[in-house]
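Trainee: Take a look at this one; I'll ask things after.
The values are calculated or read from the model by the stated rules, or taken from the named source; none is laboratory data. Bear in mind that the values here come from a model prediction, so they are computed numbers and not experimental data. Reconstructed Cβ throughout: ideal geometry from the backbone, glycine too, with neighbour counts over all protein chains shown. Side chains are part of the model used for accessible areas, which takes the heavy atoms of the whole protein and leaves out ligands, DNA and RNA. Shrake-Rupley method; radii C 1.70, N 1.55, O 1.52, S 1.80 Å.
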Amino acid sequence: MALTNYEPRIAVVYASVTGNTKAVAEILQEICAAKELEVELWPVNSFPLSGLSRYDAVFVGTYTWGSGEIPKEMRGLFGEFESLERKGIVTAVFGTGDSFFAEFCGAVDRFRDMLYVHTDLAATLKIELAPQNTDIARCEKLIASVINRLSRFSCK
Ligand SMILES: Cc1cc2nc3c(=O)[nH]c(=O)nc-3n(C[C@H](O)[C@H](O)[C@H](O)COP(=O)(O)O)c2cc1C
């Protein structure tokens, strides 16, 4: 991998009530582990918000609530990203939702718009409810996008 001698600090921070988004977060961690890339897995309620800027890359995982809304427990993380003073963190946002609702994965869209402004947003991923085998390749692509951004950063 192009990241030789460079050990980026990476976190997956997610919210999940019924387990779908957590399952995606775990898939991301497993894929990273297979690439010998260490990733911290954090339920958002345990994540130390004040340490956010110490990460090189953060995968944000969210389900969608209400009518396309961000879950309440994700608001603190949202605000912390908004208050970052430099655009240095590479991010990706993923989520699970139900296409029965008018705003499918609306929380992913809301994070995407904010992360695009306040971070180096690499990619987004929306998954219908529980992840299927076909979603694994999509998770791999999400990770590849982040690694690609980090590689460019490490070469500067
Ligand atoms: C009250 C309620 C409102 C929801 N609103 C939306 C919505 O607006 N858009 C969407 O895509 N999914 C919506 N969902 C579906 C959840 O986001 C979806 O089931 C998700 O996979 C749950 O993630 P979790 O298993 O990680 O908790 C809603 C679910 C509930 C119960």
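Trainee: Please work out which residue is surrounded by the fewest Cβ atoms within 10 Å (Cβ to Cβ), limiting yourself to the range 1-56 and to residues that are outside any helix (DSSP H, G or I) and among the acidic types (Asp, Glu).
Mentor: Here the answer is GLU36.
Trainee: Going through the range 103-141 one residue at a time, which ones are more than 14 Å from the ligand (Cβ to nearest atom), in a helix (DSSP H, G or I) and of a type in the set (Gly, Ala, Ser)?
Mentor: Correct list: ALA137 only.
Let's see how each residue does on (1) within 16 Å of the ligand (Cβ to nearest atom); (2) among the charged types (D, E, K, R); (3) touching a Leu at 6+ places or on another chain (Cβ under 9 Å); (4) free of Cβ contacts under 8 Å to residues at least 60 places away in the same chain:
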position: GLU36; (1), (2), (3), (4): no, yes, no, yes
position: SER50; (1), (2), (3), (4): no, no, no, yes
position: SER67; (1), (2), (3), (4): yes, no, no, yes
position: GLU73; (1), (2), (3), (4): yes, yes, no, yes
position: LEU77; (1), (2), (3), (4): yes, no, yes, no
position: GLU82; (1), (2), (3), (4): no, yes, no, yes
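Trainee: Determine whether ARG149 is surrounded by 14 or more Cβ atoms within 10 Å (Cβ to Cβ), charged (D, E, K, R), within 25 Å of GLY19 (Cβ to Cβ) and touching a residue at least 12 places away in the same chain (Cβ under 8 Å). So that I can check it myself, show each step before the final result.
Mentor: Numbers: surrounded by 14 or more Cβ atoms within 10 Å (Cβ to Cβ): yes; charged (D, E, K, R): yes; within 25 Å of GLY19 (Cβ to Cβ): no; touching a residue at least 12 places away in the same chain (Cβ under 8 Å): yes.
No.
Trainee: Ok, one more. Report yes if GLY88 is over 19 Å from VAL24 (Cβ atoms), open to solvent by less than 40 Å² (accessible area, probe 1.4 Å) and of a type in the set (Gly, Ala, Ser), otherwise no.
Mentor: Details: over 19 Å from VAL24 (Cβ atoms): yes; open to solvent by less than 40 Å² (accessible area, probe 1.4 Å): yes; of a type in the set (Gly, Ala, Ser): yes.
Answer is yes for this residue.
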